[in-house]
Amino acid sequence: MQGWIKLHRKLLENPIFYDPYLLKLWVYCLLKATHKEHKQIVGKQMVELQPGQFVTGRFILAEEYNKGAKPKDIVSDRTLWRWLKFLEECEFLSIKPTTKYSVVTINNWDKYQENVQQMSSKCPANVQQMSTNKNVKNVKNNNTRKQVYEDDSIYIMLAKYFVEQIKQNNPNFKEPNYQKWADDIRLMIERDNRTEEQIKYLMKWVQQDDFEMANVLSPSKLRKRFDQLVLKVKAQKQKNKAEHSIPTRTEIDFNEGEDWH
């Protein structure tokens, strides 16, 4: 298998980064995933794979994961499969099992790995190091520079998500200036070090809270009151803690300051 993958720097904020075994498994999954549509024969069956997918099974996973490992570092097939299911629970990937094999799909593959194969490995190093970030592009306008956010950028997508949440309570809510909203969201991420998951969670939470749904109606207001809202979320979580035996990804985000993306 040839080619390369991209790793987002946000992996440094992810708890699996500090677990060498889980990190190895996650990188293994990224390396195994196909970058283009193709057909693969498994036994006597033809399997059609989409970008971000690969075929595996408990025993082949253990064989490949443990290849070259020292005896003390070998992980059993049952444990590896349990870890893979854990990654699925954390929404890193999804597993579609059959009686003979399983197809693993990397979530958000198109978002983080799209066009990863379009740059030739023979290109000069300075070309390969070009930024592939499509979230923002600089535009000159009357000797000034302003940021224009693409429709598929995370900032615009979060802005639209917030509008969707607001319209569930107020269908007549006026369409906002998405560029301005996107810029406020960018500031939350870049300057305030908020994660995408935390922002998205609060956007939904405020529109489910009887008091906040009428007070937080823009990303700028969300940014201004972010810490206060987090405290309210934590207080609510503590009251309901006994009802949850296993913490969800977002609960971990807010209770421990971690991010699974």
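Once the Cβ-Cβ distance of Thr98 and Lys241 is raised to the sixth power relative to R0 = 25 Å, the FRET efficiency obtained is 0.05.
Taking max minus min of the alpha-carbon positions on each principal axis, the stretch 164-245 gives extents of 41, 32, 19 Å, largest first.
For the stretch 141-237, the per residue solvent-accessible surface stands at 56 Å², with DNA, RNA and ligands left out and a 1.4 Å probe.
Convex hull of alpha carbon positions in the stretch 1-89: directionally averaged projected area 6.9 nm². Taking 0.36 nm per residue of separation and subtracting the current Cα-Cα distance, fully stretching the chain between Asn177 and Ser76 would add 31.0 nm. Over all pairs of different C-alpha atoms, the stretch 36-78 has a mean inverse distance whose reciprocal, the Kirkwood radius, equals 12.2 Å.
In percent, rounded to a whole number, the relative contact order of the stretch 15-58 is 31, using alpha-carbon pairs under 8 Å and six or more apart. For the stretch 169-194, the residues whose amide N sits under 20 Å from a probe point set 7 Å from the Cα of Asn215 along the beta carbon direction are 169-170.
Placing R0 at 22 angstrom, the Cβ-Cβ distance between Leu231 and Lys111 gives a FRET efficiency of 0.10 after rounding to 0.05. Return the whole-Å distance between the Cα centroid of the stretch 184-210 and the Cα centroid of the stretch 1-78. Computed from Cα coordinates, the inter-centre distance equals 31 Å.
Which entries in Lys85/Lys224; Lys32/Lys67; Lys36/Lys180; Lys6/Lys100; Lys24/Lys160 show an alpha-carbon gap greater than 26 Å? Checking Cα-Cα distances, Lys85/Lys224; Lys36/Lys180; Lys6/Lys100; Lys24/Lys160 exceed 26 Å.
The values are calculated or read from the model by the stated rules, or taken from the named source; none is laboratory data. Predicted, not measured: the structure shown is a model, and the values here were computed from it. Positions of Cβ are generated from backbone atoms using ideal geometry, with glycine treated the same way; all protein chains shown enter the neighbour counts. With ligands, DNA and RNA removed, areas are computed over all heavy atoms of the protein, side chains included. Shrake-Rupley method; radii C 1.70, N 1.55, O 1.52, S 1.80 Å.
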